[in-house]
1. Across 10 Å bins from 0, what is the distribution of all Cα-Cα pair distances for the chain, in whole percents?
2. Please get the size of the charge dipole for the chain, origin at its Cα centre, with Cβ charges of +1 on Lys and Arg and -1 on Asp and Glu, quoted in debye to the nearest 20.
3. Counting DSSP beta bridges in the chain, what percent are antiparallel, to the nearest 5?
4. Among the lysines, which have Cα under 20 Å from the Cα of Lys380 when same-chain residues fewer than 8 positions away are ignored?
5. In the chain, with Lys and Arg counted as +1 and Asp and Glu as -1 at Cβ, which of these residues, Val221, Ala128, Thr325, has the Cα nearest the positive end of the dipole, that is, farthest along it?
6. So, by mean Cβ neighbours within 10 angstrom, what's the order for 295-306, 377-388, 314-325, 175-186 with the highest one leading?
7. With both bridge residues required to lie in segment 356-536, what share of the DSSP beta bridges run antiparallel, to the nearest 5%?
8. What ratio of Cα Rg to 2.2 N^0.38 Å holds for segment 356-536?
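Since every read-out is calculated from the coordinates, none of them should be taken as a lab result. The model shown is predicted, which means the values in this text are computed figures rather than measured ones. Backbone-built Cβ (ideal geometry, glycine too); neighbour counts: all protein chains shown.
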Amino acid sequence: MAEVSGASLIASSLYDLGVRVVFGIVGIPVIEVADACIARGIRFVSFRNEQSASYAATAYGYMTGKPGVCLVVGGPGVLHAIAGIGNATHNCFPLLLLAGSSESHQVYKGAFQEIDQVATLAPMTKFAGRPPSLELLPATIEKAYRVSYYGRPGPTYVDLPADYIQGKVAVDDTMKLYDAPAAPNVAACFNRIKAAAKAIREAKAPLVIIGKGAAYARAEVHVRKLIDSTGLPFLPTPMGKGVVPDSSPLNVAAARSAALKTADVVLLLGGRLNWILHYGAAPKFKLDVKIIQVDISGEEIGNNNQKGAELGLVGDIGVVAQQLTHALKGYKSAGVPATVAASRDKNMAAAEKKANTKVLPLSYQFAYKVIKDAIAKTGKDVVYVSEGANTMDVARSAFDVDHPRIRLDAGTMATMGVGIGYGIAAAVAFPNAIPVCIEGDSAFGFSSMELETATRSGLPLAVFVMNNNGVYHGIEPEAYSTNTPLPSTALGFETRYDLIAEAVGGTGIVARTPEELYDASVKALTSKGVTVVNVIIDPGAKTKLEFGWLASTKKAPKAKL
Ligand code: ADP
Ligand code: MG
């Protein structure tokens, strides 16, 4: 029997499961693990802060459908990576976190970077464990990997004690792992499919809402068939965009409020009735709307939807979409209701007008139009990443996508700081595309040092920092020189974010005019390196301080408990 180090055993276990990339940061005791991974043929993307590394792994999990793997040191490394654990839980992304920990014989003695990581992470993960022995390390990794993406995806954790990593073990066939299969497909109960189809057939104004669960489920083929064969209008959530092309005439995203308000039966494919969907409640939804929830997680059914719970369908979206297409054979929806279509036309015309109104300093809308023109001109395949408040809000409708999983944003936790990590993950997951990170200046600040990760790793990024000198909005230049304290939302005046790119071996460009922005965009999109375009936009100091999405939910009536 061959004897190998614990580090090699970890690397070969990951490799055998099909893992080809690990995100993380090394230090004692996980350097050997990362090096063993590299030696085994696994790419190790080495970050500057575990927060970004863990975010990147979650996004990689979402884009590829298998857990993103993140390797960190114990103690502070794990505490920083909890950011990714939370991100994975809240967004339902698969993540396997691996962390070094103290040598077994030093446990509870105040060892180097010692915290009880299993106890800390157990309540936050689907599984958290320390392998009972070095021989059982592969089995524990396999369990954590599988549990992360079977059922509702989420985070799992495996503790790697230093003495296991450095130990030697005789390997035999019982320790060998095999390429992890796709998660089992689950079909919904036949009677409920019939009931759901009946509700849709009888609806006056049915609407399909497509969530990021449908994108994660890689259900696009079947969801598109369902929409095509029934002619049902649909509304994507921010990350559900592209499961059915945004360009479809049945897409009512541009009349979101009108569509929600009009629908009497909603078929919800892979989305939760949380703040993003206004809790499925009035006044955004009709008071007596029936919501047919389709979800892989049985526990999700009925959340904020007691009335429609009996129509809930537990199953994999791809499978359930096929079941529904079959059950709805011969049915044709009346399409987009006239009032919704009218609202869509009006909103699209208004958006078009804003996008074509040349203003200086640049507005979000006009700047995005210029960037879009450059994207069209270069013909590049793009993965969009966007974070910030208004930066993200306006970008969501400005940049349409026709494919799933190529638009990532701050997600269910509205997390600022995911942008560059997500961009790096996108560059790894889609080597033929260019990640376009549309960053608020505040959001960019959370992870800008990761630009060095990207340059060093040879990963291209086109980063647009929408610089309005502040969180939400900036202040007028004069306000910096008065004696009054700066408001909490203020950031430095025209900070040279572009120079950060230059400092780490990338390219930085300042863009104030449409011409400068267009040229910079073409450069950024066609470069094989990292470019930061510092887009100086209107500080918007006199505008109301709000995040449009939340503002639209404010008027919800008090919930009856
Ligand atoms: P959004 O933010 O787009 O509304 P959410 O993150 O709230 O989406 O919801 C995604 C939902 O998709 C989760 O409830 C999750 O359980 C579900 N989901 C994930 N994978 C699948 C799948 N393969 N089939 C069905 N539902 C899934
Ligand atoms: Mg800002």
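1. 4, 17, 26, 25, 19, 8, 2, 0
2. Dipole of the chain, to the nearest 20 debye: 2440 debye.
3. Taking every DSSP beta bridge with both residues in the chain, the antiparallel ones total about 5 percent.
4. Once the sequence-local lysines are set aside, what remains near Lys380 is Lys241, Lys369, Lys372, Lys523, Lys528.
5. The residue sitting most towards the positive pole is Thr325.
6. 314-325, 377-388, 295-306, 175-186
7. 5 percent
8. In units of the globular-protein estimate, segment 356-536 measures up at 0.97.
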